[in-house]
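J.: Take this structure first; my questions come after.
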Amino acid sequence: MKTTATASRQRTSVRSSRSQRTQGQAYGGNGHEKEHNGHPSVSPGLAAWLAKPKHNLIAGKWVSAANGKTFDVLNPADGSVIAHVPDSQSEDINRAVTAARKAFESGPWRQLTPSERGKIIWRIGDLILKNAEELAELESVDNGKPRAVAKVADVPLAADLFHYMAGWATKIEGNTIPISVPYAPGARFHAFTTREPVGVVGQIIPWNFPLLMVAWKLGPALATGNCVVLKPAEQTPLSALRFGELLLEAGVPEGVVNIVTGFGETAGAALAAHDGVDKIAFTGSTEVGKIIVRAAAGNLKKVSLELGGKSPNILFKDVPDLNAAIDGAASAIFFNHGQCCCAGSRLLVEKDIFDDVVSGVAERAKKIKLGPGLDAGTEMGPLVSEEQLNRVTRYMNQGKQDGACFVTGGSRQGDQGYFVQPTVITDTDPSMSIVREEIFGPVVVAQPFTKPEEMLPAANNSEYGLAAAVWTKDIAKAHRIAAELRAGTVWINCYNIFDAALPFGGYKQSGWGREMGHEVLNQYTQTKAVVIGL
Ligand code: ADP
């Protein structure tokens, strides 16, 4: 018998009556686009897809959780239930790992030439573009982000990642290495290296860019010939499941990618600790990253981590264009509702332009149109969950208690859905939690500086080191500061510029390893040295 659990710990439904619906009834699926609370509802095609029972993808088959349980997936714009997905436990992870192992050891994946593998990966990119409208809409109702943003950012970036990685499948090369073994005088050898897939990879991803994180993780894993068990975030499991259908359509052989939905503490923990997993790739909070590292110690599986941030965004008085820099500072923190690990959440501004920048960013914050992601005019949707809403408002309340000045924002917006006002804060000091900790919401703290010598220690005064930005037209100064910043990415006169070819990852407690670019391929391969005595 199927039972339906509410994901109350993560996303308590604000309408408890809806949370008890049984599988298949979640989103009506009557084929009519209708108004929902005065806002546009999902399209008939997506409504029909949402209404279908959701299963895990294991060994190429769609299957229920072993215990038959599901949990609710909510639309963060109004708390309504949009689907039910398997509440997977360790038994489901066992089955998925077994399927991945079988596919890796004896399935057709290994027999494919690199070129054939690359063509499948390219097709995945094409299928994302072919289904762009539906994927953007799905991402919007599941995560809350504006559909228009998902359509121009998340979806094309995901497709591009696969297209980029498709080309690498044929370029995973080793070296020939001349060796001079001192204890074998006169002997001759031919030595070379090959780069082989790590094996079965567990991938645990967050809810802020659900589809794009699937791409960042699966693209390099497939290009290098690994097999995968992927666990999407419990708040946003839907695009990964739709993506599973596209993988099968693209011709990915059974068991090569297994997708298992569930909570972090159950399904996620079982995957991180599993002895049959050779590597775990995680994106999420630094706190959970540390749990993953401990769990991975059991069989010393390899670990890569892309974690939190508290990124400094530094504006000098000689910015090339003050208005453009203010636009950039606002977008650095407000893009994706501040739910970006690299959000420009600490604004450091040279004193002469501090007031102009703060009032400019605040003006822009006030004008941002909040609303459900499916509304055409929406510029900022709700936060992903009630838990996230509580977290962000808790930080803001703490900031108020600590005596910071809220130039604009500072509260929840409305009483339905998980909306938060874009917020600009000044008069902080470095000991405050709003300055030190990752809030993961549309909340920026601004502080003035007079000299680079005093700004740099402040910019680097963080346990994180994911990203940073510098705005100045003095190119030598920009280079000097970029070299001093302890961050994995430094943007100069721009922010949030991503590309499949550019490595992304963190210094300090922002992570281990890099996503994207050719650098990520090292994390999904291991080097074998072969020596032939001649
Ligand atoms: P956030 O704090 O932003 O919600 P998390 O780091 O908690 O992000 O979650 C990111 C991913 O990590 C999600 O897929 C979640 O299910 C998973 N996760 C959370 N806790 C654990 C855990 N103890 N073990 C493994 N995975 C976990």
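The values are calculated or read from the model by the stated rules, or taken from the named source; none is laboratory data. Everything numeric here is computed off the predicted structure, so don't read it as measured data. In this analysis, Cβ positions are derived from the backbone assuming ideal geometry, glycine residues included, and neighbour counts consider all displayed protein chains. Quick note on the areas: whole protein, heavy atoms, side chains included, nothing else; ligands and nucleic acids left out. Shrake-Rupley method; radii C 1.70, N 1.55, O 1.52, S 1.80 Å.
J.: In debye, nearest 20: dipole of the chain around its Cα centre with unit charges on the Cβ of K, R (+) and D, E (-)?
T.: 1240
J.: Now, a different point. What whole-number distance in Å separates the alpha-carbon centres of region 287-329 and region 400-441?
T.: Centre-to-centre (Cα) distance: 19 Å.
J.: Could you list the trypsin sites (Lys or Arg not before Pro) in region 291-353 that lie in coil according to DSSP, counting only those with at most 16 other Cβ atoms within 10 Å of their Cβ?
T.: K317
J.: Shifting gears a bit: Over the chain, what is the mean sequence separation of C-alpha contacts under 8 Å (at least six apart), divided by residue count, expressed as relative contact order in percent?
T.: Answer for the chain is 17 percent.
J.: For region 450-485 and region 196-228, compute the distance between their C-alpha centroids and round to whole Å.
T.: One Cα centre to the other: 32 Å.
J.: Order of 267-275, 202-210 by packing, highest average Cβ count within 10 Å first?
T.: 202-210, 267-275
J.: With a 1.4 Å probe and every protein chain left in place, work out the accessible area per residue of region 325-414 in Å², rounded to a whole number.
T.: For region 325-414, the solvent-accessible area averages 37 Å² per residue.
J.: Length gain on complete extension for the stretch A476 to R436, per 0.36 nm per residue less the alpha carbon to alpha carbon distance?
T.: Values: separation 40, 0.36 × 40 = 14.40 nm, distance 2.93 nm.
Result for the pair: 11.5 nm of gain on full extension.
J.: Please compare each pair in K69/K231; K301/K508; K151/K367; K151/K310 to a cut-off of 25 Å on the Cα-Cα distance and tell me which ones are over it. Can you show the working numbers first?
T.: Details: K69/K231 16 Å; K301/K508 21 Å; K151/K367 22 Å; K151/K310 27 Å.
K151/K310, as the Cα separations exceed 25 Å there.
J.: Could you work out what % of the accessible surface of the chain is carbon and sulfur, using a 1.4 angstrom probe and leaving DNA, RNA and ligands out of the count?
T.: Numbers: 10970 of 20790 Å².
It is 53 percent, rounded to a whole number.
J.: Take the Cα radius of gyration of the chain and divide it by 2.2 N^0.38 Å, with N its residue count; two decimals is plenty.
T.: Ratio of Cα Rg to 2.2 N^0.38 Å: 1.00.
J.: For the peptides 329-341, 421-433, 212-224, what is the packing order when you average, over each peptide's residues, the other Cβ atoms within 10 Å and list the highest mean first?
T.: By packing density, highest mean first, the sequence is 212-224, 329-341, 421-433.
J.: Name all residues of region 154-181 having a backbone nitrogen under 16 Å from the label point set 7 Å from the Cα of V530 along its Cα→Cβ direction, giving them as ranges.
T.: The answer is 172-178.
J.: Over the Cα atoms of region 186-232, Rg to Rh with Kirkwood Rh, two decimal places? List each step's numbers first, then the result.
T.: Values: Rg = 16.7 Å, Rh = 12.7 Å.
Radius of gyration over Kirkwood radius for region 186-232 works out to 1.31.
J.: In whole Å, what are the extents of region 444-534 along the principal axes defined by its C-alpha atoms, from largest to smallest?
T.: Computed over region 444-534, the largest-to-smallest principal extents equal 66, 27, 26 Å.
J.: Further question: For region 131-269, restrict the atom set to alpha-carbon positions and state the Rg and Dmax in Å.
T.: 19.8, 70
J.: In addition: Average the reciprocal distances over every distinct pair of alpha-carbons in region 28-172, invert the result, and give the Kirkwood radius in Å.
T.: Taking the inverse mean of 1/r over all distinct Cα pairs, region 28-172 comes out at 17.7 Å.
J.: Report the normalised scattering of region 335-424 as log10 I(q)/I(0) at q = 0.11, 0.16, 0.17, 0.21 Å⁻¹, calculated by the Debye formula with identical scatterers on the alpha carbons.
T.: With no solvent term, the Cα-only Debye profile gives -0.33, -0.70, -0.79, -1.16.
J.: Further, regarding this structure: What lysines could a cross-link reach from K473, if we take a straight Cα to Cα line under 19 Å and drop same-chain neighbours fewer than 8 places away?
T.: Straight-line reach from K473, under 19 Å: K317, K351, K451.
J.: Given a 1.4 Å probe, how much area per residue of region 433-529 is accessible, in Å²?
T.: 44
J.: Sticking with this structure for a sec: Past the 15 angstrom mark, what percentage of all C-alpha to C-alpha distances in region 272-354 do you count?
T.: 65
J.: Can you give me the pair-distance distribution of region 219-324, C-alpha pairs, 10 Å bins, whole percents?
T.: The calculated distribution, bin by bin, is 12, 36, 27, 11, 11, 2.
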